[in-house]
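J.: Take this structure, written in structure tokens, and hold onto it; I'll ask about it next.
The values are calculated or read from the model by the stated rules, or taken from the named source; none is laboratory data. None of the values given here were measured: they were computed from a predicted structure. Here Cβ is always computed from backbone atoms with ideal geometry, including for glycine, and neighbour counts include all displayed protein chains.
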């Protein structure tokens, strides 16, 4: 049965990844194009300032992959691989949680467990990390801090996921003594405390490009457009909502189908034994 759940997770992840990529290609890529256009314009302005001050500047060289390859093949493969990974994560989380819940409360609908896994997975794997470190389009961020920013984001993601797992375990263990609402509240507060501590300990990054000025203080190129950042973040959130919603719905449909086939097979086995 566990293999079937993993298969369901992979299938759900594939469908979610394809739909998520289509959404991103339509709505997010135009914001990325605006950010790249800004970066190119700012780069040209910086070169002009350096030339005016007598300092030469050499380009960074041609791109290894064209923009078309990046936004289609690269983004598509990356999105689907990420969604497949989340599908496996989803299936494992469901299998572990269902093994416990199904044994303790046999009347529980597995689709309800699926919905809980989807909601908590979205919060832990995306919602909280995004709240701590909101996504930015290209051209926002210092190249020298890429490693530090990536490490900080990975850290808060791992902390969030592990803390969520512990919170679920605590809520389930306290359910019989405190009741569902109280146990969930206690676990939720504990989770938020852990996230607050982690956020306080991790570094902050404020690297949105300011207006570019010459030696006289005059603005020669504007700062990064706030509207592009806002639109990019809204679409990034929406894209993840789409991904996790499709992942949850497809997985729920898949395990329902698995349950029906298992029931039918068991019925046929009993009938043949008679």
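J.: Can you go through 122, 126 and tell me which one is under 30 Å from residue 38 (Cβ atoms), modelled with pLDDT of 95 or more and under 20 Å from the mean Cα position of the chain (by Cα)?
T.: Just one listed residue meets the conditions, 126.
J.: Right, another one. Do we find that residue 47 is at pLDDT 85 or above, in contact with a helix residue (DSSP H, G or I) (Cβ under 9 Å, 6 or more places away or on another chain) and over 30 Å from residue 2 (Cβ atoms) in this structure?
T.: So residue 47 fails the test.
J.: Any idea which of 232, 251 is farther than 30 Å from residue 32 by Cα, touching a residue at least 60 places away in the same chain (Cβ under 8 Å), buried (at least 17 other Cβ atoms within 10 Å of the Cβ) and under 22 Å from the mean Cα position of the chain (by Cα)?
T.: 251
J.: Give the residue, chosen from 139, 171, that is touching a helix residue (DSSP H, G or I) at 6+ places or on another chain (Cβ under 6 Å), without any contact (Cβ under 8 Å) to a residue 40 or more places away in the chain and either assigned to a helix (DSSP H, G or I) or closer than 30 Å to residue 48 by Cβ (or both).
T.: 171
Quick grid of which residues meet (1) in contact with a strand residue (DSSP E or B) (Cβ under 8 Å, 6 or more places away or on another chain); (2) at pLDDT 95 or above:
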site: 188; (1), (2): no, yes
site: 192; (1), (2): no, yes
site: 197; (1), (2): no, yes
site: 211; (1), (2): yes, no
site: 215; (1), (2): no, no
site: 226; (1), (2): no, no
site: 242; (1), (2): no, yes
site: 245; (1), (2): no, yes
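J.: What number of residues within segment 187-205 are without any contact (Cβ under 8 Å) to a residue 12 or more places away in the chain, farther than 26 Å from residue 173 by Cβ and assigned to a helix (DSSP H, G or I)?
T.: Number of matching residues: 2.
J.: Let me ask something else. Just to be sure I understand, how many residues within segment 24-53 are more than 15 Å from residue 232 (Cα to Cα), under 30 Å from the mean Cα position of the chain (by Cα) and surrounded by fewer than 14 Cβ atoms within 10 Å (Cβ to Cβ)?
T.: Of the residues in that region, 1 qualify.
J.: Please count how many residues of segment 150-179 are surrounded by 12 or more Cβ atoms within 10 Å (Cβ to Cβ) and under 19 Å from residue 100 (Cβ atoms).
T.: Result for segment 150-179: 16.
J.: Let me ask something else about it. Of the residues 86, 164, which single one is free of Cβ contacts under 8 Å to residues at least 60 places away in the same chain and touching a helix residue (DSSP H, G or I) at 6+ places or on another chain (Cβ under 8 Å)?
T.: 164
A quick yes/no check of all residues on (1) surrounded by 17 or more Cβ atoms within 10 Å (Cβ to Cβ); (2) touching a helix residue (DSSP H, G or I) at 6+ places or on another chain (Cβ under 8 Å); (3) closer than 21 Å to residue 194 by Cα:
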| position | (1), (2), (3) |
| --- | --- |
| 79 | yes, yes, no |
| 94 | yes, yes, no |
| 100 | no, yes, no |
| 105 | no, no, no |
| 111 | no, yes, no |
| 124 | yes, yes, yes |
| 134 | no, yes, yes |
